[in-house]
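Below is one structure, written out as structure tokens, with a few remarks after it.
The values are calculated or read from the model by the stated rules, or taken from the named source; none is laboratory data. Treat the numbers as computed from the prediction; the structure is a model and nothing was measured. Ideal geometry is used to build each Cβ from the backbone, glycine not excepted, and the neighbour counts take in all protein chains shown. Please note that ligands, DNA and RNA were not included when accessible areas were found on the heavy atoms of the full protein model with its side chains. Shrake-Rupley method; radii C 1.70, N 1.55, O 1.52, S 1.80 Å.
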Amino acid sequence: DFGRSSELAFVVEPSDDIAVQEQPLILYCQVEGIQPITITWRKNGVMIVDSENAFMLANGSLYVSRFQRLRGDGSSDEGEYDCMAQNHYGLVVSRKAKIQAATMSDFHIHPQNAVVEEGGVARFQCQIHGLPEPVILWHKNSMPVNTDNERYTLLPKGVLQITGLRAEDSGIFHCVATNIANVKFSREARLTVSGSHSTVYKDPMILVGPENLTLTVHQTAVLECIATGNPRPIVSWSRLDGRPIGVEGIQVLGTGNLMISDLTVQHSGIYVCAANKPGTRVRRTAQGSLVVQAPAEFVQHPQSISRPVGTTAIFTCVAQGEPPPQITWLRNGQILETSDHIKLKNNNSTLSIYGINQADEAIYQCLAENSAGSTQASARLTVLWADGLPSPPQGVRAETVSATTIQVSWEKPLQNTKEIIGYVLHIRKAADPVEMEYQEAVSKSTFQQLVTDLEPSTSYSFYIKAYTSRGASKASEVTVVSTLGEVPAMPSLFIKVINSTTVQATWEPSIKLGQHEGFKLYYRKVHLSQYTGPVLLASNITAYNITHLDASVVYEVKLLAYNQHGDGNSTVRFVSLRETVERTVLNPPCDCMKDEQNNKTSTTGIIIGIHIGVTCIIFCILFLMFGYRGRLLMCKNVQEQLSTPQIPRNQRSATGLVLNGATRRDRDDRDLNGKQLDMNELERLFPASPSQEQQEKGMTSAHSLSAPHDETQISTLPLDEFSIIEEQPDPLPKNLLGSSPAAPAPNHSPANEG
């Protein structure tokens, strides 16, 4: 029943199958869509022509009358088949169906004779390959083995396990393999059960552990694990990654074989079989990996879309599977080839068609395929075209203005220009993919556009479309033009002094320089007009040492980048090596031999220094002690001399003040013949009693005036506290203030007031 949907799509697709030699084979294919629909078949990509052996039925299915694995001419009916359906909208291709011949090989593993003691474990195995997978049954003494016996375990891969052996288990065993292709019998093997059950302790031991398996989802996995020991070990299972095995679909066969039904991808992992001695931690382990594959299936199908001419069409096709599927796109049954306006992204999951036109209208298919299977999905692209749209703009020209600017001009379309509302200029670097294109809109009355901010020495492509409210015109012819080249920008330059005759010039390569072929380096003494250079350096060089320089002068270093368009602006630096020479003089290199000799005497010098230091400390202590006694005697004499009657306040005069303070010349004379007494220190050493306080105040005031450098004392003492003391003109021989301070001095002339 075709024609239910306007979209051409498959209702039934051919599936993988195993064919029997000389038997008929039917491959089904059913599609729906707008009639008329034509169906054809291919085998291994080659069209199948109807013949006596293979022809198409009325419902679109393929009928093979007598399947042949190998014909006399060397051909075979085995292969990959697909059907194609086509109508006037496009063509679709079905998934590939893999057809194989049913076969069965000879046994490559036969059961072996075994002698096992009573209570032990016996294991027989036979293996055979075939398509489909042969079903293996066991016979004992020419009779089928009783599978109701719990001690007998039959595994799908041709293994027979017998636990807790008894005398009646002895006999002759063989296996029978059956599939649609054939039935085969293995060789016979004898089982002998000897002796009675042993009570001797035996460590647990795994006779056979799990094999590595690769299966497909929904199949059944059997992981074998058979163990022996006395007492009989306990078999347990776990996953190496620590995840729980679960309980759904899990079954234990016999004494320790793990069977997982209805496999999923989550069952993949490494499984560990452990044989534990009861009541102890003694254990033996074996492990095997299980890989579960899943055929490709779609998470997101591509959707049919309609788009106006000149726009972009995007199809998305997301598939999953294990291993991850590969995605291939077809266009009307043919492998899609990418181009400037057809791009595949995101691991082929996204198909983008830029600037579509009527030639892009087709059926696009997404094929997802992995080792477990394949699937397909299709979608149709309809290109909308409105009557009365403008024809493409004419006479598109592009002229280079500068290294970053190009002017594009064009003329009106030849037809249907009344409804034009504007133009769109499409701009792209000629080397970039179509998706990097950008546009600039222009008013309908403008027929030229200045395109700026371009890159120098770069080719650009331009084309124009005229737009109306009902859609866009077809694209104009594409014009390609290149911008002018420009000289490189100024490089950064750094100068480092290496030694007194060498400096290093370094610079950083930068994309801001633009296209450059290399660098030119010049240098000169600043007082000279002529440069040394140029030193030509490749574009990948970033440092250069300038040697044999004169340390006494300043140098100028100049660097510029150049290309085929000329030299760029230069960067200039000045450098002097004089400081390096001065540092060398101030810090001469060490005399290693002299230092070594000095090191030999360093210990002796330290000892001598310690002795000298101790001696100095002793002398200092003695000096302080004797000096302290001398001060006591001096202070006593001073107090006696200061105990003279005070002159009344009204009799005090400037002369008295001068006598009390003395002139600067007199003080200088006394300094040459005796020592002045620090009265502040006396007050600190000998606190004055209340009866002597007035006398000491007068003395302190007088001394304050005689010490002009102690401005703080002069400014803080009131004038009322000064006392008048006359001094002898002769120098004092032993005490500092004279023996008779109250007597007038003959021939003493008054001095200026201090």
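Distances between placed amide hydrogens fall under 5 Å for GLN293 paired with LEU215, THR216, VAL217, all partners being 5 or more residues away or on another chain.
Nonpolar atom fraction for segment 509-568, defined as the carbon and sulfur part of the 1.4 Å probe accessible area, stands at 51 percent. Phi-derived couplings, Karplus 6.51 cos²θ - 1.76 cosθ + 1.60 at θ = phi - 60°, listed residue by residue for segment 398-414: 9, 10, 7, 9, 8, 5, 10, 9, 9, 9, 10, 10, 7, 10, 4, x, 7 Hz, with x used for Gly and Pro.
Phi-derived couplings, Karplus 6.51 cos²θ - 1.76 cosθ + 1.60 at θ = phi - 60°, listed residue by residue for segment 441-446: 7, 10, 5, 5, 8, 9 Hz, with x used for Gly and Pro.
The amide H of GLY171, built 1.01 Å from its N in the peptide plane, has LEU191 as neighbours under 5 Å, considering only residues 5 or more places off or on other chains.
Net charge within 15 Å of LEU537 by Cβ-Cβ distance, Lys/Arg positive one each and Asp/Glu negative one each, not counting LEU537 itself? Please report the intermediate quantities before stating the final value.
Values: positive: LYS520, LYS558; negative: GLU508, GLU517, ASP567.
Around LEU537, the surrounding residues sum to -1.
Which residues does the label zone of ARG187 cover in segment 91-117, counting backbone N under 17 Å from a point 7 Å along Cα→Cβ? Under 17 Å, as judged by backbone N against the label point of ARG187, lie 106-115 of segment 91-117.
In nm, what is the difference between 0.36 nm times the number of residues separating ASN416 and VAL12 and their Cα-Cα distance? Don't jump to the answer; show the numbers that get you there.
Values: separation 404, 0.36 × 404 = 145.44 nm, distance 4.84 nm.
Result for the pair: 140.6 nm of gain on full extension.
Taking amide H positions as modeled 1.01 Å from N, with prolines and chain starts lacking one, the residues under 5 Å from MET490 and 5 or more places away or on another chain are ASN569.
Mind scanning LYS96/LYS345; LYS496/LYS520; LYS96/LYS184; LYS343/LYS429; LYS98/LYS157; LYS140/LYS277 and naming the pairs with a C-alpha gap bigger than 27 Å?
Working: LYS96/LYS345 25 Å; LYS496/LYS520 18 Å; LYS96/LYS184 33 Å; LYS343/LYS429 17 Å; LYS98/LYS157 24 Å; LYS140/LYS277 32 Å.
Result: LYS96/LYS184; LYS140/LYS277 exceed 27 Å.
For segment 9-101, the relative contact order comes to 37 percent (Cα pairs under 8 Å, sequence separation of at least 6). Legend: Rg and Dmax of segment 301-384, from Cα coordinates, 12.8, 40 Å. Here the gap between ALA551 and SER576, fully extended at 0.36 nm per residue and compared with their Cα-Cα distance, gives a gain of 8.3 nm.
The alpha carbon convex hull volume per residue for segment 388-482 rounds to 84 Å³. If a/c stays under 1.5 just call it rounded; otherwise compare a/b with b/c (prolate if a/b is bigger, oblate if not). Do that for segment 104-288, with a ≥ b ≥ c from the square roots of the Cα gyration tensor eigenvalues. Here segment 104-288 falls in the oblate category.
Spin-label pair GLN251-LYS98: with each label point 7 Å from Cα along the Cα-Cβ axis, the two points sit 2.8 nm from one another. Whole-Hz Karplus values for segment 562-575 come out as 9, 8, 5, 8, x, 8, x, 5, 9, 10, 10, 9, 10, 8 Hz, taken residue by residue from phi with 6.51 cos²θ - 1.76 cosθ + 1.60 and θ = phi - 60°; glycine and proline positions read x.
Quick one: pull the percent of accessible area on segment 301-384 belonging to carbon and sulfur, 1.4 Å probe, ligands and nucleic acids left out.
Working: 1650 of 3780 Å².
Percent of accessible area from carbon and sulfur atoms in segment 301-384: 44.
Using a Förster distance of 30 angstrom, determine the FRET efficiency expected from the C-beta separation of GLN303 and HIS218, and round it to 0.05. Can you show the working numbers first?
Numbers: r = 29 Å, r/R0 = 0.98.
The value I calculate is 0.55.
Computed over protein heavy atoms with a 1.4 Å probe, the carbon and sulfur contribution to the accessible area of segment 104-288 reaches 52%. Between GLU117 and ALA543, the modelled labels are 8.1 nm apart [label points 7 Å from Cα along Cα→Cβ]. Remark: the SER238-LEU131 segment gains 35.2 nm on full extension, using 0.36 nm per residue and subtracting the alpha carbon distance.
Take the Cα of LYS429, step 7 Å toward its Cβ, do the same at GLN564, and the gap between the two points is 1.8 nm.
The calculated FRET efficiency for the pair ILE34 and SER391, based on their C-beta separation and a Förster distance of 56 Å, comes to about 0.95. Think of a 1.4 Å ball rolled over the protein heavy atoms: segment 476-558 then has 57 Å² of accessible area per residue. Under the combined filter of DSSP loop state and at most 14 neighbouring Cβ atoms within 10 Å, segment 194-286 retains these trypsin sites (Lys or Arg not before Pro): ARG281. With R₀ set to 25 Å, the beta-carbon distance separating ILE172 from GLN23 gives a calculated FRET efficiency near 0.10.
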